[in-house]
Amino acid sequence: MAGIRVSYEALPTRRQCVRQAVKIGGMRVYVDTGFYEDGRVGEIFLAVERTGSELRWVYDEVARSNSKLLQWGAPIEEVIDGWVGSKGSPSGPVQGDKRIKYCSSILDYCGRYLGVYYNNREDLAHIKAQEVM
C-alpha cells in the first residue's frame, strides 16, 4: 500500500480553502475543500440548501468522516471511488461547473469534483480541460 500514512496528520490551523458552488436539480450545493501546505486535500465540507436538519446532518457527517479518513492517510482516490456513481436525489444537470455537467447524486458530484480538480481524473469530467480554455 504505497503512499498510505499510518498516523494522524492534523491540518494547519490556518489553511487554504476553496468553495465550489453549484446547483444540482435546482438545489444549491457548496463543496468546501481545505488543504495541507503541500496542496493535498485534507478536509471536505458539504452544505446543501433547503434541506431538513436531519439530511443536513447526514451530509455533514459523511464529509466529516471522509475528512478524517484523509487525515489518517487514506488516499483521496478512496473517497472519490466511494462517492462516484452513488445515486440519490437531487440528481441531473449541474449548473455552475465548467467541466462536470451531470451527476447522479450530490455525492456523485462531489466525487467527480474531487477527482477532476484535485486528482487529474479526466475520465470523470464531461468537458475536457483543453475544451474549457
Practice prompt. Looking at (1) part of a loop (DSSP other than H, G, I, E, B); (2) modelled with pLDDT of 95 or more; (3) within 15 Å of the chain's Cα centre (by Cα), find the lone condition where Ala74 falls short.
Written response: (2)
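Take Lys68 and decide whether it is open to solvent by 40 Å² or more (accessible area, probe 1.4 Å), within 28 Å of Glu131 (Cα to Cα) and basic (Lys, Arg).
Working: open to solvent by 40 Å² or more (accessible area, probe 1.4 Å): yes; within 28 Å of Glu131 (Cα to Cα): no; basic (Lys, Arg): yes.
So Lys68 fails the test.
Run down Val22, Val84, Val48, Val79 and say which single residue is touching a strand residue (DSSP E or B) at 6+ places or on another chain (Cβ under 6 Å) and within 22 Å of Ala125 (Cβ to Cβ).
Numbers: Val84 fails: touching a strand residue (DSSP E or B) at 6+ places or on another chain (Cβ under 6 Å); Val48 fails: within 22 Å of Ala125 (Cβ to Cβ); Val79 fails: touching a strand residue (DSSP E or B) at 6+ places or on another chain (Cβ under 6 Å).
After applying the criteria, what remains is Val22.
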Discussion item. Step by step: first the residues of region 10-25, then only those that are among the charged types (D, E, K, R) and more than 16 Å from Gln71 (Cβ to Cβ), then the one that is farthest from the chain's Cα centre (by Cα). Which residue is that?
Written reply: Arg14
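If you scan region 79-99, which residues turn out to be without any contact (Cβ under 8 Å) to a residue 40 or more places away in the chain and either closer than 15 Å to Leu46 by Cβ or out of contact with any helix residue (DSSP H, G or I) (no Cβ under 7 Å at 6 or more places or on another chain) (or both)? Can you show your working first?
First, the residues of region 79-99 that are without any contact (Cβ under 8 Å) to a residue 40 or more places away in the chain: 79, 81-83, 85-88, 98-99.
If the condition is that a residue be without any contact (Cβ under 8 Å) to a residue 40 or more places away in the chain and either closer than 15 Å to Leu46 by Cβ or out of contact with any helix residue (DSSP H, G or I) (no Cβ under 7 Å at 6 or more places or on another chain) (or both), then Val79, Asp81, Gly82, Trp83, Ser86, Lys87, Gly88 are the ones that fit.
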Item to complete: Go through the residues of region 114-128 one by one and say whether even a single one is assigned to a helix (DSSP H, G or I), closer than 26 Å to Val6 by Cα, open to solvent by 50 Å² or more (accessible area, probe 1.4 Å) and of a type in the set (A, V, I, L, M).
Response: no
Worksheet item: Has region 81-94 got at least one residue that is among the aromatic types (Phe, Trp, Tyr) and either over 28 Å from Gln130 (Cβ atoms) or not in a helix (DSSP H, G or I) (or both)?
Response: no
Worksheet item: With (1) free of Cβ contacts under 8 Å to residues at least 12 places away in the same chain; (2) under 30 Å from Pro12 (Cα atoms) as the list, and Val41 as the residue in question, which single condition is left unmet?
Response: (1)
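This table checks each residue for (1) farther than 18 Å from Ala21 by Cα; (2) modelled with pLDDT of 95 or more.
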position	(1), (2)
Leu55	yes, no
Val58	yes, no
Asp81	yes, yes
Ser86	yes, yes
Gly96	no, yes
Gly111	no, yes
Tyr118	no, yes
Asp123	yes, yes
Glu131	yes, no
Worksheet item: Within region 7-57, can you find the residues that are open to solvent by 40 Å² or more (accessible area, probe 1.4 Å), more than 22 Å from Glu77 (Cα to Cα) and touching a Lys or Arg at 6+ places or on another chain (Cβ under 7 Å)?
Response: Glu49
Worksheet item: From the set of residues in region 24-71 that are part of a strand (DSSP E or B) and of a type in the set (Asp, Glu), which is nearest to Arg99 (Cα to Cα)?
Response: Asp32
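The values are calculated or read from the model by the stated rules, or taken from the named source; none is laboratory data. Treat the numbers as computed from the prediction; the structure is a model and nothing was measured. Every residue, glycine as well, gets a Cβ built from its backbone with ideal geometry; the counts of neighbours run over all protein chains shown. Keep in mind that these areas ignore ligands, DNA and RNA; they rest on the heavy atoms of the full protein, side chains included. Shrake-Rupley method; radii C 1.70, N 1.55, O 1.52, S 1.80 Å.
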